[in-house]
1. Taking springs between alpha-carbon atoms closer than 10 angstrom, which of N110, N72, N63 fluctuates most in the Gaussian network model of the chain?
2. With n ≥ 4 as the cut-off for DSSP H runs, can you work out [θ] at 222 nm for the chain, using -39500 (n - 2.57) per run divided by the number of residues, rounded to the nearest 500?
3. Do me a favour and compute the ellipsoid semi-axes for the chain from its Cα gyration tensor, root of five times each eigenvalue, largest one first, whole Å.
4. Once you have the Cα-Cα distance between A119 and Q96, take 0.36 nm times their residue separation minus that, and quote the gain in nm to one decimal.
5. Give me the distance in nm between label points sitting 7 Å out from Cα along the Cα-to-Cβ direction at I36 and T17, one decimal.
6. Given a 10 angstrom Cα cut-off, can you work out which residue in A49, A111, A103 is the most mobile in a GNM of the chain?
Amino acid sequence: MELEESISDPSLIDDATGKIRWADALKSLQQSTGLIEDKEFAAYLTMSASSVSELLGGKVEPNPRIKLMILNHLGFYKIQSALYFLIKDEHVASLQRATKRQAKKIATTNADRSNKNAAEEQSE
């Protein structure tokens, strides 16, 4: 799919995944607003300062409303372009979540087997 718009700052896209680095993009938005204090920026985004701090620290991903604000800041004025990036970003995120779930499942299974083997050895 060829888009009519391109991102204003390509360095905010991870080359390996094609996913937007949301924390860095949010920091860019914060700088462009001139709202240096997280509390002021939080009021601009209509969210709590602690939530903004978690977003800026990359601990959580922004919700769709904040993602659309960021995409608008990055130069996506046409809804088609913004939605294309959101869909692509969500697909990559869902694959990453699935990989983490699978790794956790494997680790749990391996730990259960180790515990079972250790219990059998002790009973002998």
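1. Highest fluctuation among the options: N110.
2. Details: 5 runs with 83 residues, N = 124.
So the helix-based figure for the chain works out to -22500 deg cm²/dmol.
3. Values: eigenvalues 320, 80, 21 Å².
For the chain, the semi-axes come out at 40, 20, 10 Å.
4. Numbers: separation 23, 0.36 × 23 = 8.28 nm, distance 3.46 nm.
Gain in length upon complete extension: 4.8 nm.
5. 3.2 nm
6. A111
Laboratory data are not the source of any read-out in this text; all were calculated from the coordinates shown. All values reported here derive from a predicted model rather than from experimental measurement. Here the Cβ is made from the backbone with ideal geometry for all residues, glycine too, and neighbour counts use every protein chain on show.
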